[in-house]
Amino acid sequence: MHKNDLEKLVFLLKAQKVLALPTESVYGLSTILESDAVAKIVALKKRSANKGFIVLSSNIEHLLRVIDQTHLTDNHLAKLQTHYNRATTWVAPVKPEFRWLTGPFESIAVRLTTHPLLSELTNMLDQAIVSTSANISNMPAATSAHEVYDYFGEKVDYIYPQADFVATKPSRLIDLLTGKILRE
């Protein structure tokens, strides 16, 4: 992707727009960590506000901004920073000021992304973004830009047209403190 295109996506995110972007797993709906922007995703997906969101970035410092590190050990921090052969999302304690992203939960899902587009985007933005599967609630996740359009049409502010996208299942979800696998 050209730098001008990335700058356009950063501009859209800063303007609290909703973008459909490929991830390491399925297409996701993304925006910045602002309540009005996230509310747009909730409305688009027809999703309960009681469901939490995944926060992702290629920079661990961005993720640590939302994580309550009080009870984390060096081992926990090492797990968060490890790159796995499969997209892995960690459920970690959340800082109180980010509880609005977690529904009724006292934890937040975070992922250190290795996806080239998302890596460049979060680095240029210098912050993490919200990501959730691109679908209407309780429907299969979109596995192509075309499927995103079928779900949302013009209601999404931007759909990234990745032609060679190969979707897999959603990321693996693991509780950081207990090691329990919540979703394989």
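Taking the dipole about the Cα centre of the chain, with the C-beta of Lys and Arg at +1 and of Asp and Glu at -1, give me whichever of L117, L9, S30 is farthest to the positive side.
S30
Out of all Cα-Cα pairs in the stretch 1-133, roughly what percent, to the nearest whole number, are more than 26 Å apart?
Numbers: 1485 of 8778 pairs.
For the stretch 1-133, the share of Cα pairs beyond 26 Å comes to 17 percent.
Please list 3J(HN,Hα) in residue order for the stretch 17-22, calculated via the Karplus relation 6.51 cos²θ - 1.76 cosθ + 1.60 where θ = phi - 60°; whole Hz, with x for glycine and proline.
8, 9, 10, 9, 10, x
What residues qualify as long-range amide H neighbours of G28, i.e. H under 5 Å apart, gap of 5 or more or another chain, H built at 1.01 Å from N?
L21, T23, A134
Highest mean first, how do 43-49, 120-126 rank when packing is the count of other Cβ atoms within 10 Å averaged over residues? Please list the in-between numbers first.
Numbers: 43-49: 14.7, 120-126: 17.7.
Highest mean packing first, the order is 120-126, 43-49.
If you place +1 on the Cβ of every Lys and Arg and -1 on the Cβ of every Asp and Glu, how big does the dipole about the Cα centre of the chain come out, in debye to the nearest 20?
Numbers: 20 positive and 19 negative charges, 89 e Å.
With Lys and Arg at +1 and Asp and Glu at -1, about 420 debye.
Could you work out the helix-only [θ] at 222 nm for the chain, with each DSSP H run of four or more residues adding -39,500 (n - 2.57) and the total divided by the number of residues, to the nearest 500 deg cm²/dmol? Write out the running numbers ahead of the final one.
Values: 6 runs with 54 residues, N = 184.
Rounded to the nearest 500, it is -8500 deg cm²/dmol.
With the full set of protein chains in place, find how many percent of the accessible area of the chain is carbon and sulfur; take the probe as 1.4 Å.
Answer for the chain is 52 percent, counting heavy atoms of protein chains only.
Tell me which lysines have Cα within less than 17 Å of K40's Cα, excluding those fewer than 8 residues away on the same chain?
K40 reaches K14, K17, K51, K155.
Quick one: which residues, 5+ away or cross-chain, put their amide H under 5 Å from the amide H of I108? H built at 1.01 Å from N.
Under 5 Å from the amide H of I108: A92, V94.
Given a cut-off of under 8 Å on Cα pairs at least six residues apart, what relative contact order in percent is computed for the stretch 1-135? Kindly include the intermediate steps, with their values, before the conclusion.
Working: 217 pairs, mean separation 49.6, N = 135.
Over the stretch 1-135, the number comes to 37 percent.
Helix 35-45 against the longest principal axis of the chain: what's the angle in degrees, Cα atoms only, rounded to the nearest 10?
60 degrees
Kindly rank 67-75, 108-116 from highest to lowest mean number of other beta carbons found within 10 Å of each residue.
Numbers: 67-75: 12.4, 108-116: 21.6.
In decreasing order of mean packing, 67-75, 108-116 become 108-116, 67-75.
The values are calculated or read from the model by the stated rules, or taken from the named source; none is laboratory data. Values in this document were obtained by computation on a predicted structure and should not be read as measured data. Ideal geometry is used to build each Cβ from the backbone, glycine not excepted, and the neighbour counts take in all protein chains shown. We work out accessible area using only protein heavy atoms, side chains counted, and drop any ligands, DNA or RNA first. Shrake-Rupley method; radii C 1.70, N 1.55, O 1.52, S 1.80 Å.
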